[in-house]
Every structure is written in C-alpha cells, then in structure tokens.
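Enquirer: Mind looking over this structure? Questions follow.
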Amino acid sequence: MGSNRTKRYTAEFKQDAVALVEATGRTVTEVARELGVSPESLRAWYKQTRVDRGEGRPGELTSAEREELKQLRKVAAEQARTIEVLRKAAAFFAKESDR
C-alpha cells in the first residue's frame, strides 16, 4: 500500500522546474511528467512564481506576504492564549480578594 505522505521538494528544485517551463515553452503537464511531479504541483509553483514577480492578479499574496501572514497569525494565537491566562488569573484573584 502506498504512503499518504506528501513529497517535499526543495525551493531550488521548484525554481528549476518553473524555469524549465518558461525556457522551453513546453506545457506544465509535459514538464511535470518529465520531472515526475504532479502537474497540479508544478502549476501551483509556476503561478506562485508569477505572483512573486508581481505578475499576479490583485489581492494574490506573494510568498513573502504569505510567510508574514503565517507569522502574524502565530503571534496573534500566542497573544490570545496569554490574554486568556491573564483573564483567568484576574478572575481568580478577584474572587480571592472578596473573601
């Protein structure tokens, strides 16, 4: 039975694959077949490369913007956990001071 794990490709491999599509004028599907990757993956890499170069549609996030959003969401989640702990501590100490 096959593994359900997703194959990971290096950034360099992805860049080279996209460059091969652009340099040869061959279709994404042809290049993907040659490299042994799924056409959907190569198509996504190609699209993201275009967005990163400023060739995407309005509102599409560059890789740098996606990374920043990921980091900001992580910080926001940590802050939400901290706020919840402080809220519970404040409630606890308010109850204790009423005794």
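Read-outs: derived from the displayed coordinates by stated rules, not from any lab. What you see is a predicted model, and the numbers here were worked out from it, not measured in a lab. Virtual Cβ from ideal backbone geometry, glycine too; neighbours counted across all protein chains shown.
Enquirer: Positive end of the dipole of the chain, charges at C-beta (+1 Lys, Arg; -1 Asp, Glu), about the Cα centre: which of 10, 56, 72 has its Cα farthest in that direction?
Expert: Of 10, 56, 72, it is 72.
Enquirer: About its Cα centre, what dipole magnitude does the chain give when the only charges are +1 on Lys and Arg Cβ and -1 on Asp and Glu Cβ, stated in debye to the nearest 20?
Expert: The calculated dipole for the chain is roughly 420 debye.
Enquirer: Report ³J(HN,Hα) in whole Hz for each residue of segment 68-80, in order, from the Karplus equation J = 6.51 cos²θ - 1.76 cosθ + 1.60 where θ = phi - 60°; Gly and Pro get x.
Expert: 4, 4, 4, 5, 5, 5, 5, 5, 4, 5, 5, 5, 5
Enquirer: Can you pull the Kirkwood radius for the chain, inverse mean 1/r over Cα pairs, to one decimal in Å? Could the numbers behind the result be given before it?
Expert: Values: mean 1/r = 0.0575 Å⁻¹.
About 17.4 Å for the chain.
Enquirer: Moving on. If eta is 1.567 mPa s and T is 4 °C, what Stokes-Einstein diffusion coefficient results for segment 8-60, Kirkwood Rh from Cα pairs, in µm²/s?
Expert: 115
Enquirer: Pairing the Cα long axis of helix 39-52 with the longest principal axis of the chain, what angle in degrees results, from 0 to 90 and rounded to the nearest 10?
Expert: On a 0 to 90 degree scale, this one is about 70.
Enquirer: Return the sequence-ordered ³J(HN,Hα) values of segment 94-99 in whole Hz as given by the Karplus equation 6.51 cos²θ - 1.76 cosθ + 1.60 applied to θ = phi - 60°, using x for Gly and Pro.
Expert: 5, 5, 5, 6, 7, 6
Enquirer: Determine, for each peptide in 34-41, 92-99, 16-23, 70-77, the mean count of other beta carbons within 10 angstrom over its residues, then list the peptides with the highest first.
Expert: The densest-packed peptide leads the list: 16-23, 34-41, 70-77, 92-99.
Enquirer: Can you put 12, 30 in order of Cβ neighbours within 10 angstrom, beginning with the fewest?
Expert: 12, 30
Enquirer: Please check: in the Gaussian network model of the chain (C-alpha springs, under 10 Å), which one of 27, 82, 62 has the largest mean-square fluctuation.
Expert: Looking only at 27, 82, 62, the largest GNM fluctuation is found for 82.
Enquirer: Taking the Cα atoms only, what angle lies between the long axis of helix 11-24 and the longest principal axis of the chain, rounded to 10 degrees?
Expert: Result, in degrees: 30.
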